Amino acid sequence: MGVIAFALYLPSLWSGFVYDAQIQIASDSYIHTPSHLADIVTLRAMGQDILDRDRPAHLFFLMVDSLLWGRNAFGYHLTSNLLHALNTGLLFLLLASLLPRDGRPVASPIQCLVAALGALLFAVHPVLVEPVSEVSDREDSLATFFLLGGLLLADGFPSPRRAAALLRGACCVLALFLSAASKETGFAGPLLLGLFWLLYHRKDRRAPWIALLAAATVAVGAFAFARFALEPAVSKIFTEKPHWLGGSLGATLLIQPRIWAFLFSNIAWPFHLAADYTPQNLAWITLPWALVALAAVLGVQIFLAVKSRLALLGFAIFWLGLAPVSNFIPIYQPIGDRFLYLPMVGLAAMLCAALALVSGRRMLLANLCAASLATFGFLCVVNVHRQAVFSNPLALWTDTVRQSPYSATAQDGLGYALIDAAQYGDALQAFTRAVNLRSSFADAWAGGAIALEKMGRYADADTALDKAIAIDPRYAHPQELLDAVATDRQTAAGLEDILARQQIQAPQPQ
């Protein structure tokens with residue numbers, strides 16, 4: 001299964017850096033400075049004002065890539081593809097090992113087929129292209145890797161020999177800790193471990209399992225505490241705190257069901273995926289419709305969970321994976337395809353359980369398997385097309401503007417991609433659309449200034465840059481933007497060119 005997943009993502013190996021990777025990997029120097037490795041390993045980085053300070057495992061593996069590949073995008077994509085392939089393989093092993101214990105006899109070949117179909121859904125679904133092909137979003141696949149690894153380690157716990165049991169338990173706790181240190185979705189690890197015990201190992205001796213659960217809870221809980229306790233009081237990177245959707249928790253509770261329904265629709269019909277979503281993307285989903293969709297999804301999931309322990313585990317993975325990114329604690333980006341990486345593991349488990357439930361009816365099972373394979377073949381085509389979207393910034397932002405035309409972020413990204421392509425007039429139009437959508441968007445005003453400068457319209461460039469500086473004074477000092485990981489070196493160079501020209505043209509004192 002892992003080989004299939006890796007082969008499917010071969011086209012992305014030749015992609016470049018896009019979105020945040022352009023700044024975090026291609027431009028910023030933090031992960032390329034070997035001395036920072038000690039800060040990450042000792043978790044001192046969690047108290048520093050750096051990007052992803054609360055995801056040290058993610059930073060660690062980016063630094064390992066930097067040591068191996070420098071700023072060569074191929075190596076980072078290779079690591080991300082291998083990680084997704086490993087996750088697919090681990091998921092297959094977990095499903096294949098749990099199916100025989102689901103309470104009904106299933107022939108061994110059918111077990112393998114059903115487990116393979118579950119893993120294939122996870123391997124090929126286009127909604128997961130973003131966290132695989134955008135290498136700075138790798139934290140989702142990392143958290144899932146360690147979570148799956150932790151559950152597989154727990155499945156052999158406790159070992160008959162004390163030393164082996166201690167080693168396996170320690171590795172399980174470490175895996176769950178690293179899952180939490182990769183992304184907040186890993187905080188679900190101890191809860192899933194407890195459910196895993198109750199579903200599949202409740203006849204084991206309790207004392208070792210209680211000790212294992214206590215150790216995992218303390219490890220993950222301590223990390224969660226440190227994540228908030230060590231947060232810098234003042235940040236040059238995150239100058240504003242995230243806000244409740246709609247301005248309050250009550251408004252968030254009315255909006256979040258619509259977001260869930262939107263994510264469900266992206267799973268069921270992955271033809272309108274985008275790198276950035278706006279409230280307009282949700283306009284077609286009213287709250288009553290969202291509640292109906294949520295009730296329908298929950299109804300099917302609960303029905304399967306009652307029938308199958310594997311489905312119940314999948315149900316828990318799905319919702320515990322969504323919980324940390326469901327805006328009940330404000331987050332900076334309220335919707336993202338990458339949020340579905342771990343929940344898709346749960347969905348794969350539920351598909352596997354559903355097919356196992358009808359395994360006694362051979363004709364029905366054969367028809368369902370054939371339909372699944374046909375669907376997965378079609379999803380592979382969509383997946384490869386989606387990978388092409390993430391191949392370079394111009395492709396990404398052109399597609400995002402098409403799918404999410406009210407996104408100022410997409411228009412701004414398209415403008416900078418067009419500057420890189422020396423299409424300055426089109427870039428200026430994109431920046432104009434961005435500031436029309438969000439008049440206080442300093443980066444779009446600055447991008448417009450760079451485009452105007454390239455076109456020789458110096459007075460207009462000065463006016464645009466003045467507006468950017470009025471909104472955010474750091475645009476008068478590009479190095480401050482670089483230090484805050486707010487722009488890349490090419491953009492900073494463009495701003496410096498304008499500032500240098502202004503300095504030359506400034507009246508000299510008498």
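The values are calculated or read from the model by the stated rules, or taken from the named source; none is laboratory data. All of these numbers come straight from a predicted model, not from anything done at the bench. A quick note on method: Cβ atoms are made from the backbone with ideal geometry, for glycine too, and the neighbour counts reach across all protein chains shown.
Filtering segment 134-151 to residues that are closer than 19 Å to GLN387 by Cβ and either among the acidic types (Asp, Glu) or without any contact (Cβ under 8 Å) to a residue 60 or more places away in the chain (or both) leaves GLU134, ASP137, ASP140.
With respect to LEU482, determine if the residue is in a helix (DSSP H, G or I), surrounded by fewer than 22 Cβ atoms within 10 Å (Cβ to Cβ), in contact (Cβ under 8 Å) with a residue 60 or more places away in the chain and not assigned by TED's automatic domain parsing to the domain that holds LEU13. When the stated conditions are applied, LEU482 passes them. When GLN411 is tested against the conditions (1) in contact with a Lys or Arg (Cβ under 6 Å, 6 or more places away or on another chain); (2) modelled with pLDDT under 95, the lone failure is (2). Does VAL114 meet the test of being hydrophobic (A, V, I, L, M, F, W, C), at pLDDT 95 or above and outside any loop (DSSP other than H, G, I, E, B)? For VAL114, the condition - hydrophobic (A, V, I, L, M, F, W, C), at pLDDT 95 or above and outside any loop (DSSP other than H, G, I, E, B) - is not met.
Note on segment 253-282: residues that are farther than 26 Å from ASN383 by Cα and among the aliphatic types (A, V, I, L, M) total 3.
Just one of the listed residues (LEU99, LEU51) is at pLDDT below 90 and in contact with an Asp or Glu (Cβ under 8 Å, 6 or more places away or on another chain), namely LEU51.
Screening SER159 with (1) outside any helix (DSSP H, G or I); (2) under 29 Å from the mean Cα position of the chain (by Cα); (3) of a type in the set (Ser, Thr, Tyr) gives one miss only, at (2). The set of residues from segment 30-49 being of a type in the set (A, V, I, L, M) and over 20 Å from ALA226 (Cβ atoms) comprises just one member, ILE31. In segment 237-251, the residues that are aliphatic (A, V, I, L, M) form Cβ pairs under 7 Å with partners that are assigned to a loop (DSSP other than H, G, I, E, B), at six or more places apart or across chains, as follows: ILE237/ASP49; ILE237/LEU51; ILE237/ALA484; ILE237/VAL485; LEU245/ASN327; LEU245/PRO334; ALA251/TRP244. Suppose we keep only residues that are out of contact with any Gly (no Cβ under 6 Å at 6 or more places or on another chain) and of a type in the set (A, V, I, L, M, F, W, C) within segment 223-232. Which one would you say is farthest from LEU178 (Cα to Cα)? Going through the qualifying residues, I end up with ALA229.
Looking only at segment 138-159, decide whether some residue is crowded, with 22+ Cβ neighbours inside 10 Å, in contact with a helix residue (DSSP H, G or I) (Cβ under 8 Å, 6 or more places away or on another chain) and acidic (Asp, Glu). Checking segment 138-159: at least one residue is crowded, with 22+ Cβ neighbours inside 10 Å, in contact with a helix residue (DSSP H, G or I) (Cβ under 8 Å, 6 or more places away or on another chain) and acidic (Asp, Glu). Here are the criteria: (1) farther than 29 Å from LEU176 by Cα; (2) touching a helix residue (DSSP H, G or I) at 6+ places or on another chain (Cβ under 8 Å); (3) of a type in the set (Ser, Thr, Tyr); (4) in a helix (DSSP H, G or I). Tell me which single one TYR277 does not satisfy. Going through (1) farther than 29 Å from LEU176 by Cα; (2) touching a helix residue (DSSP H, G or I) at 6+ places or on another chain (Cβ under 8 Å); (3) of a type in the set (Ser, Thr, Tyr); (4) in a helix (DSSP H, G or I) one by one, TYR277 breaks only (4). Filtering segment 181-222 to residues that are in contact with a Gly (Cβ under 8 Å, 6 or more places away or on another chain), closer than 26 Å to SER308 by Cβ and either surrounded by fewer than 16 Cβ atoms within 10 Å (Cβ to Cβ) or among the small types (Gly, Ala, Ser) (or both) leaves ALA188, GLY189, ALA216. The set of residues in segment 20-44 that are outside any helix (DSSP H, G or I), closer than 14 Å to ARG489 by Cα and touching a residue at least 60 places away in the same chain (Cβ under 8 Å) comprises ASP20, ILE25, ALA26, SER27, ASP28. What do you reckon, is ASP466 under 30 Å from ILE50 (Cβ atoms), in a helix (DSSP H, G or I) and more than 26 Å from the chain's Cα centre (by Cα)? In short, no. When segment 35-79 is filtered for residues that are hydrophobic (A, V, I, L, M, F, W, C) and over 18 Å from SER182 (Cβ atoms), the ones remaining, listed by number, are ALA38, LEU67, LEU68, TRP69, ALA73, PHE74, LEU78. Note on segment 438-460: among residues that are surrounded by fewer than 20 Cβ atoms within 10 Å (Cβ to Cβ) and in contact with a Phe, Trp or Tyr (Cβ under 6 Å, 6 or more places away or on another chain), the one that is nearest to ALA500 (Cα to Cα) is LYS454.
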